[in-house]
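Nothing in this text is a laboratory measurement; each read-out follows from the coordinates by a stated rule. Keep in mind that this is a model prediction, so the values were computed, not measured. No Cβ is skipped: glycine too gets one built from the backbone with ideal geometry, and neighbour counts run over all protein chains shown.
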Amino acid sequence: MHRLYLVMAAILLIGPAITRAQTPSATAANPKVSADQVSFYAVPLACPAARNLGCGSAAKPVLMALEEKNTVQQAWLDHGGTTLAIVWNKGATGDARAEEIRSIADDRGISLHELTGEHRDESLKSFAARTGWYHGAEVDRLSEEEAAVIADRLILRATRKAPTIADKSGPLRTAMTNVIQEQLTGCTTTQCREDCRKKIVDIARKSLNDEEVNALMEAEKQGYRSIGNER
């Protein structure tokens, strides 16, 4: 009975919700979705450079490719990057759905395991509110969060060697976040990534003295991923 209650509640709730994870255009395009149109899959799309955060750059091509399918109405990723929601077009058969999932898994080299039972019920309830779910290109917002985490991490590393950076970290963080986000969402070549690194160097030189610049560049050379207990 408890599971039935959750499903029925989700059927009533699934629909437009204006939240930080949904745009007005998505709301207008999806006045109501029935629970049997939605499938949920466990996916490995968490960000390696920021804990408990979905990787926008990895998720975006997957979501966009799904939404090009004739059987798919919408594709969404949760904030943590662990659950994919697919809203199927009405009339999409079980065989057609399974074929599309196999195709995406093979093309993108990722695993998609369908959630059932209580796991599905929990995802359905969360998805009904659309809070913490990102549709299509909206996953760029996850990249923005990731960029901010990385900028904070690099500045904190540098501050340990050059404490005076702390007083200048506000404008520095904003400028670095913008460049790192540009790198995450737009760079597909080594040259592009190198150009973004040069931009970070230029930003540092405008804000910091030589000792501080060297500390920041040493921090950057350690990479974007967390080390030890870093967030």
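Descriptive notes on the structure:
- Folded to 0 to 90 degrees: helix 2-13 orientation relative to the chain principal axis, Cα: 80
- Rounded to the nearest 10 degrees, the angle from helix 117-129 to the longest Cα principal axis of the chain is 70 degrees.
- Net charge dipole, the chain: roughly 420 debye, given to the nearest 20, about the Cα centre with Cβ charges of +1 for Lys and Arg and -1 for Asp and Glu.
- The chain, relative contact order in percent, only Cα pairs under 8 angstrom and at least six apart counted: 23
- Between the residues HIS113, TRP76, PRO171, the greatest Cα displacement towards the positive end of the dipole of the chain, with unit charges on the Cβ of Lys, Arg, Asp and Glu, is found for PRO171.
- In this simple spin-label model, placing a label point 7 Å from the Cα along the Cα-to-Cβ direction at both ASP106 and HIS119 gives a separation of 2.4 nm.
- Between helix 210-221 and the chain: long-axis angle, C-alpha atoms, 0 to 90°, nearest 10: 30
- Taking a quarter of the surface of the Cα convex hull of the chain gives a mean projected area of 14.5 nm².
- Mean residue ellipticity (222 nm) of the chain, computed from DSSP H runs ≥ 4 via -39,500 (n - 2.57), nearest 500: -18000 deg cm²/dmol
- Short-range pairs are left out: with C-alpha atoms under 8 Å and at least six residues apart, the relative contact order of segment 114-186 is 36 percent.
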